[in-house]
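Read-outs throughout are calculated quantities, based only on the coordinates presented, and are distinct from any laboratory measurement. Treat the numbers as computed from the prediction; the structure is a model and nothing was measured. Because the Cβ atoms are built from the backbone with ideal geometry, glycine has one as well, and the counts that use them run over all protein chains shown.
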Amino acid sequence: MSSPPAANDLKRPSSWPRTVAVALLAIALFCLAVWWQRAVLLELVLQQALKHTALSSPSLSGLSFDYEQAKLAEISFGVATPAGDLTVAMQEVATDYDIEKRVLRSVSIGYAALKFIYNPADPSATNTTENALFSLPLDRLSVAKLEIDIETPWGQSSFTGQAEIKRSEADAIDATFQDARQSLHLNIDPGFSAAKLSVDQLPSGNILELEVQQLDRPAKQISLHAGAPELIEWFTSSLLIPQTLRAKTQTYDVSRLSPLLNTTQLSVNAKTADNFASLHAEAALKRNKQSLVSVDLAVTNKQTIDAIGRLDLAASEAFDLIKPWLPAMAASGAVTSGATRGNLQLHKPSNQDPSGTAQLTITDLALTAGAAKVENAKVALSIPDLASRAVDLSAEVPTLGLGKDLIARNLNVKARYLDQELTLNQASLALFGGTIELMPDTIRLEQTPILLTLRLRDVDLSQLLTSLQYPNISGTGKIAGELPLQLSSGTIDVQDGSISGTQPGVLRYVGQADNQNIAFKALRNLVYQNLRAKVNYRPNGDYHLGLRLEGSNPEVLSGHPLAFNLNISGQLPDLLQKGILAGDLERTILEQAIAKPANEDQSPNTP
């Protein structure tokens, strides 16, 4: 039996509120579920969204957020840039923001690892767009532990430390990167119009300051100021410097440069009017505001290079610079005075060899090297044409001390060096009252032994014997000769040198000897007409002197002519005295005394 129509009509209105309530409840539960799982859902959405960007292999996890902060446990991705490939991995990322103001306040990262492979396909692709703006889309970014690895053609550059980047109200950016040894502070003006970088050694000490003006314009200015020793130390030790460049710097013995670089400042100023298509730069190394080394450089159309260099150093400082490349004997010397000045003019057109000139002059030079002592010397190096690469060398030494009492005068050297070949034009000095010179020759320096000929002219025998410091031997006369030299690895070898007297003289031996020996009696006062000698000297110090004397002693054999063949051997510096005592005196001492003189009317006392 059906209900009355009036009853059914009364039930319908009461079911709508229930249905709406159920629906609202369901929607509320759905919204609550969505809200409860908002991070998971947003993480999925972000994962999918990132896959449709230019990022490669994007991945994130552990997302959580509320109205003021969002957090990520991990995020990583890669990105290809015109300059190379970059991969980023970050952990414990937290972001503070204001949704109503749509402002991102700060980002803090517990750990971040950046790896960049610098490999531009096209150098022009790395050029910044003119007037491009750069801004930081948040107020603060901090990284508790930051690892950066950059692979470059010059090796790996790396940084491990912490970083903090801040944006001021005027949109200027201050960034600080710090590790255990150094602190880098970078300030960027609004719109990337200017930037300043300072590097400090921890715990204190400035290394360098680099400033760039008008970055947002074609005309730019760059300046660098640094302490020279601090900068070199940083280049040799900082991992920020690519590995290959750092290793090259380490090959130089920086400690040798310390006396020169101490308290010196490096200053570089450069400017360009057309985004580095052309460039003009000035660099100077100064001490107490005085320029020691300066270079003016101009680059036109990225191709043509013009440079002017100047050098103004104390000779002792210049000597310290070149010591690492000098032979051990020369490097052991000491420069006590002198001035070094040099200049360079260079022109290098595109795809052509450079041209220009270079000169280096050392004046008033005083130095000591072992027993040798140089005073008031002048040394000049000149490259008349850089394209030919020939170097002209000249040296003038008024006074050259070779020992305690041995002084040479007027040393003059003129030579030309080209492609491992030394052309010796002049090398002479005044010694023992005569001249000693190396014969002009062309020497291939890569070939050993080096062959040279030493020529003696009008050498005073008295001065020569005096220099040997054997008081028992004296003499007079002049000698000349040639000594073939073989130079190899710092040693000298003389083979079959010849010496002869150029005028008669007297030879006297007054040392202890058997006065009954006719040889020694003759040598007490031997008036010789002919003197000839063969000289041999070995690198180990052994020498052999084959000496022939022809003359007479008025008190021996009635002044009859005598001939002496003296074979003198020994080890320097035991020279003549021991050689005579151990030599062969008897073999031909009576060679002409027994024979009848060729001219009996000739007086035996005639020199």
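With viscosity set to 1.002 mPa s at 20 °C, what whole-number translational diffusion coefficient in µm²/s follows for the range 342-428 from Stokes-Einstein and a Kirkwood radius over Cα pairs?
Here the translational diffusion coefficient equals 146 µm²/s.
Once phi is turned into ³J(HN,Hα) by the Karplus curve 6.51 cos²θ - 1.76 cosθ + 1.60 with θ = phi - 60°, what whole-Hz value does each residue of the range 168-181 show in order, with x for glycine and proline?
Here the 3J(HN,Hα) series is 7, 4, 8, 6, 6, 10, 10, 10, 10, 10, 9, 10, 6, 10 Hz.
Using a Förster distance of 22 Å, how high is the FRET efficiency between SER294 and THR336, based on the Cβ-Cβ distance and rounded to 0.05?
Efficiency, from the Cβ-Cβ distance: 0.25.
Can you give me the long-range amide H partners of GLU74? Hydrogens built in the peptide plane at 1.01 Å from N, cutoff under 5 Å, separation of 5 or more residues or another chain.
Close amide H contacts, sequence-distant or interchain: SER61, GLU92.
Rounded to whole Hz and in sequence order, give me ³J(HN,Hα) for the range 139-146 from the Karplus expression 6.51 cos²θ - 1.76 cosθ + 1.60, θ = phi - 60°, writing x for Gly and Pro.
7, 8, 10, 10, 10, 5, 9, 10
Count charges around LEU202 for me, please; just the other residues with Cβ under 9 Å from its Cβ, Lys/Arg as +1, Asp/Glu as -1.
That works out to -1.
So what is log10(I(q)/I(0)) for the range 293-390 at q = 0.13, 0.15 1/Å, when the Debye sum runs over its Cα atoms only?
The computed values of log10 I(q)/I(0) come out as -0.57, -0.70.
First select every other residue whose beta carbon is under 12 angstrom from the beta carbon of ALA430; then total the charges, Lys and Arg +1, Asp and Glu -1.
So the surrounding residues net to -1.
Taking Rh as the Kirkwood radius, which is the inverse of the mean 1/r over Cα pairs, what is the Rg/Rh value for the range 386-481?
A ratio of 1.09.
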